[in-house]
1. Among the DSSP beta bridges whose two residues both lie in the range 2-140, what percent are antiparallel, rounded to the nearest 5?
2. What per residue convex hull volume, in Å³, comes out for the chain when only alpha-carbon positions are used?
3. Can you list the residues of the range 1-20 with backbone N under 14 Å from a point 7 Å past the Cα of residue 69, pointing along Cα to Cβ?
4. Take peptides 20-33, 98-111 and line them up by average Cβ neighbours within 10 Å, highest first, as a rough protection proxy.
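Throughout, read-outs are computed from the coordinates displayed, never taken from laboratory work. Quantities reported herein were computed from a predicted structural model and do not represent experimental measurements. Neighbour counts run over all protein chains shown; Cβ positions are idealised from the backbone, glycine included.
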């Protein structure tokens, strides 16, 4: 399994990457997948906006875009995360940048594992799972 963290137009966030990988592996295992190739691309708002317009025809900023390449139970994908949005969201949600970026990272993996956030029930389930894995992350720190 390969988990990569790539940078596009931003500085590398100071995170505990081995610990993040441990929790990512836990999510993958809990959802009965085998992780094959996962790439997180940290970028700025403009980079992610361009992707959002080109691939989804959405002309607005977002914190994350997930491109799913799964085949059967082999989990694979590219997860683009706007560091700008994560900073703004952390302020809006009254939490630290580290907490918010971990939530967004786990959110992307949960998308690859099959969770959506299109309706109210999906959003509730997604938040519950994000909270669960954030708690696991905090316990390991």
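1. Numbers: 6 of 21 bridges.
Taking every DSSP beta bridge with both residues in the range 2-140, the antiparallel ones total about 30 percent.
2. Hull volume over Cα atoms, normalised by residue count, gives 112 Å³.
3. 1-6
4. Going by the mean number of other Cβ atoms within 10 Å, highest first, we get 98-111, 20-33.
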